[in-house]
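Below is one structure, written out as structure tokens; comments come after it.
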Amino acid sequence: MKKLEALSGTGVAIITPFDATGAPDLRALKLLVNHLAEGGVDVIVALGTTGESVTLNEAEQRSVVDTVVETNNGRCAIMLGVGGNNTRVLEHKLKTLDYSGIDAILSVSPYYNKPTQEGIFQHYQILSEASEKPLMLYNVPGRTGSNMLAETTIRIAEECRNVCGIKEASGNLEQIMHIIRRRPEHFLVISGDDALTLPIIAAGGDGVISVAANAFPQLYSDMVALCLAGRFSEATRLHNAMLEFIRLLFADGSPAGIKAALKLLGLCDEYVRLPLVNVRPDIFKALEHEVHSLRHLSIKTA
């Protein structure tokens, strides 16, 4: 079992592969878990946004988690996405959850409701008490419709037990730097934006939960490790090499982009569930070029 410190470094928000019938492709999921573990990642995050968790029923979610935990076999820390906008439902879920093989919980700030900062605080206060495992906050205003301010994050970190850090995907570097400057010693600040991982770690951050690393775990893990070691000139070379690939992953929405890249790598097919659709042909073609380039770079740096 991985320790709390192992939640830093390179985390990956793993996709949920689907087959031609629309069912979770557990064979491809096993292949992907091995790809990530052998690629040197530290944390695998299951049932996050990238895993299309909101489109999976309860039985499908359980099969995905069981497959990830069993295939991982203790190699990486496992974080489980448990988020939503109904606090009491989430409280019940966390109190009754089977935590076997799970090292931490990732919980997104409530979406759609647009709660006040006080509402966000009280939401996480309840979840932190309900969770058997350390709880990581997740701030992603572009998806939730509300931003968790630095002051609220610090208040939660100081007043709510069992909260271990935040995945910050606000894109606001000033806000993230305020959190880093004022956080308690135990509190991790993790990048939620692939393109901003390098500057966030340079400002004192602790790692990333990445989408891009689904495809190129070793390259991305190497970049993060170099950043954490303060070797930014070497890290910048890898960062710049991956930057256009990262942009393309989100051009037609996520996880459609990363699933297209994984298809090009032969790891799974690109099926997504509605309301998501596959990337446009021009984006697929551009991704094909970037995947070829990064594959070549991976061989050179191996």
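Return the FRET efficiency for the residue pair LYS30, LEU173: r is the Cβ-Cβ distance, R0 is 51 Å, and the value is rounded to the nearest 0.05.
According to the calculation, E is roughly 0.85.
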message = Could you give each residue of segment 219-234 its phi-based ³J(HN,Hα) in whole Hz, using Karplus coefficients 6.51, -1.76, 1.60 with θ = phi - 60°, and x for Gly or Pro?
response = 4, 5, 4, 4, 4, 5, 4, 5, 4, 5, 8, x, 9, 6, 5, 6
query = Net charge near ASN113, counting Lys/Arg +1 and Asp/Glu -1 over other residues with Cβ under 14 Å of its Cβ?
reply = +2
task = Averaging sequence separations of C-alpha pairs under 8 Å and six or more residues apart, then dividing by the length of the chain, give the relative contact order as a whole percent.
result = 18
query = Looking at the P(r) of segment 175-227, how many percent of alpha-carbon pairs lie beyond 19 Å?
reply = 25
request  = Only one of the values (i) 1.05; (ii) 0.93; (iii) 1.20 was calculated from this structure for Cα Rg over 2.2 N^0.38 Å; name its label.
outcome  = (ii)
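If you take every DSSP beta bridge fully contained in the chain, what fraction is antiparallel? Give it as a percent rounded to 5. Walk me through the numbers before you get to the answer.
On the way: 1 of 30 bridges.
Of the beta bridges lying entirely in the chain, close to 5 percent run antiparallel.
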inquiry  = Give me log10 I(q)/I(0) at q = 0.17, 0.23, 0.32, 0.35 Å⁻¹ for segment 258-297, Debye formula, one equal scatterer per alpha-carbon, no solvent.
reply    = -0.43, -0.73, -1.12, -1.19
message = For segment 57-135, what does the convex hull of the Cα positions come to per residue, in cubic angstrom?
response = 90
ask   = So for segment 143-238, what percent of the C-alpha to C-alpha distances run longer than 19 Å?
value = 41
message = Taking 29 Å as the cut-off for C-alpha to C-alpha distance, list the pairs among LYS114/LYS263; LYS95/LYS263; LYS259/LYS300; LYS30/LYS133; LYS30/LYS93; LYS93/LYS114 that go past it.
response = LYS114/LYS263; LYS95/LYS263
key: Label-point separation, ARG62 to ALA251 (7 Å along Cα→Cβ), nm   = 4.1
task = Grab the other residues whose beta carbon is less than 13 angstrom from that of ILE180, score K and R as +1, D and E as -1, and report the net.
result = -1
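Please report the relative contact order for segment 190-302, taking Cα pairs under 8 Å with a sequence separation of at least 6, and give it as a percent rounded to a whole number. Walk me through the numbers before you get to the answer.
Values: 137 pairs, mean separation 23.3, N = 113.
Worked out over segment 190-302, it gives 21 percent.
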task = Straight distance only, please: which aspartates and glutamates reach the Cα of LYS167 with their own Cα at less than 13 Å, same-chain residues fewer than 8 apart left out?
result = ASP193, ASP194, ASP206
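From the C-alpha gyration tensor of segment 1-136, pull out the three semi-axes of the equivalent ellipsoid (sqrt of 5λ each), sorted largest to smallest, in whole Å. Kindly include the intermediate steps, with their values, before the conclusion.
Values: eigenvalues 127, 64, 32 Å².
For segment 1-136, the semi-axes come out at 25, 18, 13 Å.
Contour minus end-to-end for GLU129 and HIS186, with contour as 0.36 nm per residue of separation and end-to-end as the Cα-Cα distance?
Values: separation 57, 0.36 × 57 = 20.52 nm, distance 1.75 nm.
The span from GLU129 to HIS186 would gain 18.8 nm if fully extended.
Values in this text are rule-based calculations from the coordinates and carry no lab data. Since this is a predicted model, take the numbers as computed values, not measurements. Note: ideal-geometry Cβ built from the backbone for every residue, glycine included; neighbour counts use all protein chains shown.
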